Amino acid sequence: MELSRRKFLTAVSMLAAGAVLPGNAFGLGESKKLKVALIGVGIRGVDFWGKRLVDKYSDILEFVGLCDNNPGRLEHALKFMNVSCPTFSDFEKMVNQTKPDLVIVTTRDCNHHEFIIKGLEMGCDVLSEKPLTTDETKCQAIIDAEKKSNKNLIVGFNYRWSPYNTKVKELLRDNAIGKLTSVDFHWYLNTYHGASYFRRWHGIKDQGGSLWVHKATHHFDLLNWWIDSDPEEVFAYGDLELYGKNGPFRGKNCRVCEHKNKCDFYWDITREKFMMDLYANNEKYDGYIRDNCLFRNEIDIYDKMSAQVKYKNNVVVNYSLTTYSPFEGWRVCFNGTDGRIEAWIDIPYQEKMSVDQAEMHAREMDQSGADIVSAEPVVVHNLWEDFKIIKVKMERGGHGGGDKRLHDKVFLHPDKKDEFDRAAGLRDGAMSVLIGIGARKSIETGKPVRIEKLTSLKPEVKRLV
Ligand SMILES: NC(=O)c1ccc[n+]([C@@H]2O[C@H](COP(=O)([O-])OP(=O)(O)OC[C@H]3O[C@@H](n4cnc5c(N)ncnc54)[C@H](O)[C@@H]3O)[C@@H](O)[C@H]2O)c1
């Protein structure tokens, strides 16, 4: 693979800004490989932004530092990623000492902003996992820091890169149903995937911003990109009715729980060596219990969520997120002045499904690249005509094939123009979390929330990239 470091950095800037920045916008040093530092060596960091980069792109990049506040997980990361770079508990020390070109942020959602801002201030390009951040104050601080910096910020939105989602974008872009007027988007998390959020730090609003932010940022980003406009106003309802305090009993954590025999949600982490090595064997350092009880009284996020979003271009969206569905899947319908598009993934009543829900969750999370390809239908139904079914080939694993395409764009085809505008930067990251933050506020106040009131970003009819 022939790719210079200069070319890569230009690519990073293209991804963030949607345009080619001059090569000399970056302080290129002597080294030929891109110097990457990673903060947060949990599952997303160590696997998708760690091992996978080492395995696929070692000829163009090298890890110069890993940072985490859990020393056991750092040890694990070195072995799992098969690297020998120095490790740090202090982010600034890592950046000062290793002088990375690119910092990848995969810590908890609530502290992304600290490392994004410090990374930019210290002269690095920054790639942050979604969600960009968890509240409007942190979001504004990121906006201010990015404005002051001449470095670039990329947000890792992988769902845009799934061929299925891209097909929907193409149909809308090509006016397949005339002028878009409204959208229904409903996402169903099953009792494996949905429940998993309540076992972890994601169950605490201050940590993940609630699933309105942690999870729905993916969905709101897809909507913003499909609709090609910024959101203007959001009104929402939500409640916690199954998990948390609603449970019939609760225990310390699954491993030692006295209720394991009668709990439908019992999860035996000891059967998964990777999870034991990554989390359970390192809980002595930070007390993070990966198989925590999902009926903990401290859980303060919503498990049912419903919102209406009005866009600046007058499109209205009905959105819902369910966290205890018997199946995992989603459905989106677009209404336009010339018809309707219906798209869905994994609605079991619309296709014969032979895979059980536990296995589906494992496949969804699979980042190994061992892909099973399927052909999924999108229906286009124009007014006064019969409907057409378009079959879209896509992978089952790695977020519908989005994960690997995102990597290839960043590291392999950086200079290739993308006709679907899938690269995401600050504004995309911000607009997608602002809908969720607005939804949270709307539930708290009982009132609609204007997106323009949250930060200095003003909603535009045509999305600004
Ligand atoms: N795009 C996707 O599809 C996708 C999938 C999974 C996770 N994610 C995102 O990736 C991020 C990480 O998720 P995860 O599941 O790996 O979480 P995790 O909790 O397993 O890992 C986070 C790591 O960050 C470390 N950390 C936390 N605060 C720190 C601090 N202040 N300083 C240093 N280290 C710190 C923790 O010790 C841990 O090792 C999250 O933001 C999540 O939203 C994205």
Exercise. With all protein chains present and a 1.4 Å probe, how do TYR349, TYR288 order by accessible area, largest first?
Worked result: TYR349, TYR288
Exercise. What is the set of long-range amide H partners of ILE104 at a cut-off below 5 Å, with H atoms built 1.01 Å from backbone N?
Worked result: ALA37, LEU38, ILE39, LEU127
Seminar exercise, completed: Residue-normalised 222 nm signal for the chain, counting each DSSP H run of n ≥ 4 as -39,500 (n - 2.57), nearest 500 deg cm²/dmol, is -9000 deg cm²/dmol
Seminar exercise, completed: Phi-derived 3J(HN,Hα) across the range 65-77 with the Karplus relation (6.51, -1.76, 1.60, θ = phi - 60°), rounded Hz, x for Gly and Pro, is x, 10, 10, 6, 8, 10, x, x, 5, 5, 4, 4, 4
Problem set entry | Under 5 Å, built H, 5+ apart or other chain: amide partners of LYS304 | ASP239, GLU241
For this session: Before anything else, pin down the relative contact order of the range 255-357: Cα pairs under 8 Å, at least 6 apart, normalised by residue count, whole percent.
Result: 13
Problem set entry | Label-to-label distance, nm, for residues given as LYS273 and ASP415 (7 Å Cα→Cβ offset) | 4.4
For this session: Would you be so kind as to identify which of LEU406, HIS381, TYR243 lies farthest towards the positive end of the dipole of the chain, taking Lys and Arg as +1 and Asp and Glu as -1 on Cβ and the Cα centre as origin?
Result: LEU406
Problem set entry | Electrostatic dipole magnitude of the chain [Cβ: Lys, Arg +1; Asp, Glu -1; Cα centre; debye, to 20] | 440
For this session: Before anything else, pin down the relative contact order of the range 30-186: Cα pairs under 8 Å, at least 6 apart, normalised by residue count, whole percent.
Result: 19
For this session: Averaging sequence separations of C-alpha pairs under 8 Å and six or more residues apart, then dividing by the length of the chain, give the relative contact order as a whole percent.
Result: 21
For this session: Tabulate in residue order the Karplus-calculated ³J(HN,Hα) for the range 45-62, using 6.51 cos²θ - 1.76 cosθ + 1.60 with θ = phi - 60°, rounded to whole Hz; enter x for Gly and Pro.
Result: x, 6, 9, 5, 9, x, 4, 5, 5, 4, 5, 9, 10, 4, 6, 10, 9, 9
Problem set entry | LYS310 accessible area, 1.4 Å probe, all protein chains in place, Å² to nearest 10 | 70
For this session: Please turn the phi angles of the range 180-195 into ³J(HN,Hα) values with the Karplus equation 6.51 cos²θ - 1.76 cosθ + 1.60 (θ = phi - 60°), one per residue in order, whole Hz, x for glycine and proline.
Result: 5, 10, 8, 9, 10, 9, 10, 10, 10, 8, 8, 7, 9, 5, x, 5
Problem set entry | For the range 86-145, with +1 on Lys and Arg beta carbons and -1 on Asp and Glu, the positive-most of ILE117, THR137, LEU102 along the dipole | LEU102
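The values are calculated or read from the model by the stated rules, or taken from the named source; none is laboratory data. Bear in mind that the values here come from a model prediction, so they are computed numbers and not experimental data. With ideal geometry, Cβ positions are generated from the backbone for all residues, glycine too; neighbour counts draw on all protein chains shown. Areas reflect the complete protein model, heavy atoms only, side chains present, ligands, DNA and RNA absent. Shrake-Rupley method; radii C 1.70, N 1.55, O 1.52, S 1.80 Å.
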